[in-house]
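Asks: I'd like to ask you about the structure that follows.
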């Protein structure tokens, strides 16, 4: 206690805790889906720590990377396999949490005023996590890692004027090679995690300023309808974290193979292309949108870029005065069609884009964009309905 008193005299720690945790009120009418933000913070910490242990033995060299992961870490280092499983499974689970967190935000209107900054910073975090996952996927220097990086970086060639030069700059060479590995290593280990920490702090601060949304989407009287973040709400968070960690470590010990493609246990071979190249499961839906417009490569690239960016503009596409999807019947239909369509795109992304699969992919891609097109229309209908009720 003397140490705490000493620090409190100089840093006012007790006052900081009171202002940021105890005095901060959250709505009573929120469900367990609001815990996924804290689960993401927890998973980032787990990935960061497990990554540090892997970093001690990993060799960012095209001649040594594969063996440093599959031999040194997996076989020679005590519990090295555990840290690799934690990191690989964690990378996949982060995106499962992200997609659920985003879906909850869409359904309950967490992108509407005054929470636009919360939504924008959340989108930036999604992009940063995606970039971190993409750069990290190359590091084991396996066959699928190599060819996925080769395929994805080639997409930048289609950017007008700067495309070909940009691809060489990203790779550091004319093809994915040792220079690419070292660049991706630097991004994955240093640059992107630092950016994630900064943006995550801004995201959490912006939530703290405007307050959490709730199931009804209505402003609350924090004195009457709010509960203290600490210890009331955090006690629920700890329970959710405990259940989640049981699920997570079950995957780590018994079902880790879903996060590790078998093809990636073969060393990268620039002279042998895999029969079917595909990214990790969390990028498959966007990959299928890219392939969905099979009759035009340029149109596919435009669709791919739009599929990644459109979600950012939800605050301006959906101007409905009703916030929560709980009170929006038409929106609920569009939302659940969108979720099912995203799952269909994810499944199709791992299948060969031929025959019937190609046509289903095209239809599913059009439905994906149909959701965003429908939002302004649904908003206008809801505005008219509210005006009619007032009259």
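Asks: So which residues in the range 159-168 are in contact with a helix residue (DSSP H, G or I) (Cβ under 9 Å, 6 or more places away or on another chain) and either closer than 27 Å to residue 259 by Cα or surrounded by fewer than 16 Cβ atoms within 10 Å (Cβ to Cβ) (or both)? Write out each step before concluding.
Replies: At the first step, the residues of the range 159-168 found to be in contact with a helix residue (DSSP H, G or I) (Cβ under 9 Å, 6 or more places away or on another chain) are 159, 162-164, 166-167.
Of everything in the range 159-168, those that are in contact with a helix residue (DSSP H, G or I) (Cβ under 9 Å, 6 or more places away or on another chain) and either closer than 27 Å to residue 259 by Cα or surrounded by fewer than 16 Cβ atoms within 10 Å (Cβ to Cβ) (or both) turn out to be 159, 162, 163, 164, 166.
Asks: Name every residue in the range 315-333 that is crowded, with 20+ Cβ neighbours inside 10 Å and either assigned to a helix (DSSP H, G or I) or on the phi > 0 side of the Ramachandran plot (or both), in order of residue number.
Replies: The answer is 325, 331.
Asks: Might you let me know whether the range 270-278 holds any residue that is surrounded by fewer than 16 Cβ atoms within 10 Å (Cβ to Cβ) and within 30 Å of residue 376 (Cβ to Cβ)?
Replies: Within the range 270-278 (the criterion being surrounded by fewer than 16 Cβ atoms within 10 Å (Cβ to Cβ) and within 30 Å of residue 376 (Cβ to Cβ)), the answer is no, since none of the residues qualifies.
Asks: While we're on this one: What tally of residues in the range 143-175 results from selecting those that are closer than 19 Å to residue 301 by Cβ and part of a helix (DSSP H, G or I)? I'd like the intermediate steps shown before the answer.
Replies: Step one: of the range 143-175, the residues closer than 19 Å to residue 301 by Cβ are 147-171.
Within this subset, residues satisfying the condition of being part of a helix (DSSP H, G or I) are 147-158, 163-171.
Residues flagged as closer than 19 Å to residue 301 by Cβ and part of a helix (DSSP H, G or I) within the range 143-175 amount to 21.
Asks: Residue under question is residue 67, and the condition is that it be farther than 30 Å from residue 227 by Cβ, touching a strand residue (DSSP E or B) at 6+ places or on another chain (Cβ under 9 Å) and without any contact (Cβ under 8 Å) to a residue 24 or more places away in the chain; does it hold?
Replies: Working: farther than 30 Å from residue 227 by Cβ: yes; touching a strand residue (DSSP E or B) at 6+ places or on another chain (Cβ under 9 Å): yes; without any contact (Cβ under 8 Å) to a residue 24 or more places away in the chain: yes.
In short, yes.
Asks: Just one of the numbered conditions (1) closer than 30 Å to residue 332 by Cα; (2) surrounded by 15 or more Cβ atoms within 10 Å (Cβ to Cβ) is not true of residue 141; which one?
Replies: Result: residue 141 passes all but (1).
Results for (1) at pLDDT 95 or above; (2) surrounded by fewer than 20 Cβ atoms within 10 Å (Cβ to Cβ); (3) part of a helix (DSSP H, G or I); (4) touching a helix residue (DSSP H, G or I) at 6+ places or on another chain (Cβ under 7 Å), shown as yes or no for each residue.
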residue	(1), (2), (3), (4)
21	no, yes, yes, yes
33	no, yes, yes, yes
53	yes, yes, yes, yes
60	yes, yes, no, yes
71	yes, yes, yes, no
84	yes, no, yes, yes
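Asks: What number of residues within the range 269-314 satisfy the criterion of being assigned to a helix (DSSP H, G or I) and either within 24 Å of the chain's Cα centre (by Cα) or modelled with pLDDT under 90 (or both)?
Replies: Selection size over the range 269-314: 29.
The values are calculated or read from the model by the stated rules, or taken from the named source; none is laboratory data. Since we're looking at a predicted model, the values are computed, not measured. Neighbour counts are summed over all protein chains in view; Cβ atoms, including those assigned to glycine, are modelled from backbone coordinates with ideal geometry.
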